[in-house]
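To keep things clear, I will list the structure first and then write my remarks on it.
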Amino acid sequence: MNGKNNPKKSPIERRKFLQMLGTAAAGGSILLVAGGLASRINRAEAGLYWQIDPAKCTQCGRCETHCVLNVSAVKCIHANRVCGYCDLCGGYYRSNVKELNTAAENLLCPTGAIQRKFVEDPYFEYTIDESLCNGCAKCVKGCTSFGNGSLYLQIKRDLCLDCNECKIALVCPADAISRVPLDVAYKLKDE
Amino acid sequence: MKKILFTLTSLLLQLAAFAQNRFPKPDFESGYQYPDIQYAVPNESLWLVVDILLLVALMSFVSWAVIRKQTRKPIIWVSVISVAYFGFFRSGCVCSIGSIQNVALSLADSSYILPISVLLFFILPIAFAFLFGRVFCAGVCPFGALQELVNIKNYKLSKSLTSALSVIPWIYLIFAVLYAVTRSTFIICRFDPFIGIFRQGGDFGLIVFGVLLLITSIFTGRPFCRFLCPYGALLSLFSRVSIWKVKITKKQCINCELCHNACPVDAIKPPHENKVKENRLLGVKRLINYAVVLPVLVITGALLMRYASNDLSRAHKDVRLHDMVMLQEAAPQNSLSLELEAFYGQGRTVAELTEKVEKIQADYRLYSTIAGGFIGLVIGITLIGLSTKRTRKEYEIEHADCVACGKCFGYCPQNKLEIKTGTLTL
């Protein structure tokens, strides 16, 4: 290019010209991409935080095993306003228990994370000790199949590491895990 | 069989609809109040602001140290801060390397919502690379910083091995973008070797891989940055043509080779003299060769990847589900896998899934063809780069490879010889 018109010029000049061309192209592409994407950004809708859709969840139990944390960030959450406060609770007792007492062999939760308190005849209040819950979904399955479905799994925002790609979402058979915007704190059942 | 499945599905559906109100709401007589439960929400917007501010501050600091001051000490401090904050404290998500995928997906699919923090994590290091070189790699990236901090010795790899391995980041980048734009999976996040170390847990195989990489980086500089990191490949494009460039010394090079030996990423190229000036006709012939070989490689790559697109599409969850459903429909089994249970339980139809999968496969055909073209291009350009030799009069930094770690400054004798000439006053 340059060499033909003035043959005395060294190839360094040509290299400099190419370099300038490259600089212009690089700068232009940065501005183009940044501008194009910035115009699309909608801060209110930006989905960053992984949450489970309780309506889709099939209680497969993978939340317990596939989270990157040693103890899953998925915990069981109890919607008191949905609960029937039953004595024979499908999420608390195993099926076919002989006596409704709190002996360990009768209880469904493998870590003893569900506690119950007598309210008045015949109602019992159930609470979940989150520090014991491992998100195995056994109680959720019981409650969904025999009860009102007041026990359900949800990703705890304070525990979740907000991975760019949720490892549980990758294996979730029901595609129940998706990102929600910042202002939607939790996908809850009793709201 | 289909009929049985259908009735089973409808039954399950009814159950699901029924599940909410099997037992009526209790009427409490004792004045029982529902407990008011608040679930913890960390102050996420604050942390995102801190992340971005720290990113900009650290990169500016490194730029100042490398371009203006030509010292390495601040970079070590930046590395320590980055490993501690971005690595261990923030557990490494979102990082700039992974943000490539979010940005690619958002460029390909406008319905994908890109959070502003991810966009900033993607574009800021590129903007800094365009201005000052790869200052992000120097110590702001926790991965680079971690490898830099453990690096002791600099055994040089042979030139052929280096050039063969440095194609990998590009291929990795191309595949990461391919799998991101088809909404299959984020392979950069999935096969991240260091995240397990930062989180002190996770996939065992990846932690072993990360530890092996770290052990390697004791003996040779930054194996991950040079031979794996797709974001480094992207940054090298911008740092090659950056406006301000790292200089080893402000004084004249004395061709002592010390900086070349010190460079952990082998970015300082020794002087080279092309003894025989190439015949003009030969040069033209070579140029024509390139002009033929490059398109041939691009087209071959594109065709090969198009041919493989159906197999590649198995990375998508729905395609795998479709395969499972087809197997089940052909030879019904009694014990269903969790995926199939969810599929039939949710009452999805095979026709709807097939339609979805066909769309995914069409996407794959298009994008894998483009990806294949790029793979051909990368291999072609690497080969052309190997076949040419530039004349250099002194030791020069290859700015595309330079990660601005600043090791060479301390080794250059020209930076050390500061003979102060003053007047002696009596």
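Note down, for the range B:280-386, the three equivalent ellipsoid semi-axes (square root of 5 times each alpha carbon gyration tensor eigenvalue), biggest first, whole angstrom.
Over the Cα atoms of the range B:280-386, the semi-axes work out to 46, 11, 9 Å.
Of B:285/B:389; B:251/B:389; A:167/B:317; B:69/B:250, which sit over 18 Å apart, Cα to Cα?
Beyond 18 Å: B:251/B:389.
Could you go through the range B:223-238 in sequence order and give the Karplus-derived ³J(HN,Hα) for each residue, using 6.51 cos²θ - 1.76 cosθ + 1.60 with θ = phi - 60°, rounded to whole Hz, and x for Gly and Pro?
In residue order, the calculated couplings are x, 5, 4, 7, 10, 9, 5, x, 6, x, 4, 5, 5, 4, 4, 7 Hz.
Can you tell me what the convex hull of the Cα atoms of the range B:103-221 projects to on average, as an area in nm²?
Spelled out: convex hull of the Cα atoms, projected over all directions, averaged, 9.0 nm².
Taking a probe of 1.4 Å, how large is the accessible area per residue of the range B:280-386, in Å²?
60
Residue by residue through the range A:113-128, which ³J(HN,Hα) values in whole Hz follow from phi under the Karplus form 6.51 cos²θ - 1.76 cosθ + 1.60 (θ = phi - 60°), with glycine and proline marked x?
7, 9, 10, 10, 10, 6, 9, 6, 5, x, 9, 10, 9, 10, 10, 10
Across the range A:47-181, how large is the tail of the calculated P(r) beyond 25 Å, expressed as a percent of all Cα pairs?
In whole percent, the long-distance tail amounts to 25.
Could you tell me the largest-minus-smallest coordinate of the C-alpha atoms of the range B:106-171 on each of the three principal axes, in descending order and whole angstroms?
That works out to 47, 25, 22 Å along the principal axes.
Divide the volume of the convex hull of the Cα atoms of the protein assembly as shown by its number of residues and quote the answer in cubic angstrom per residue.
Once divided by residue count, the hull of the protein assembly as shown is 218 Å³.
Which whole-Hz ³J(HN,Hα) couplings does the range B:52-59 yield from phi under the Karplus relation 6.51 cos²θ - 1.76 cosθ + 1.60, θ = phi - 60°, glycine and proline marked x?
Working through the residues one at a time gives 5, 4, 5, 4, 5, 4, 5, 5 Hz.
Hey, what's the Cα Rg ratio for chain B versus the globular rule of thumb, 2.2 N^0.38 Å?
Relative to the 2.2 N^0.38 Å estimate, chain B comes out at 1.28.
The values are calculated or read from the model by the stated rules, or taken from the named source; none is laboratory data. From a predicted model like this one, the values you see are computed outputs, not experimental measurements. Surface areas here come from the heavy atoms of the whole protein model, side chains and all, with no ligands, DNA or RNA. Shrake-Rupley method; radii C 1.70, N 1.55, O 1.52, S 1.80 Å.
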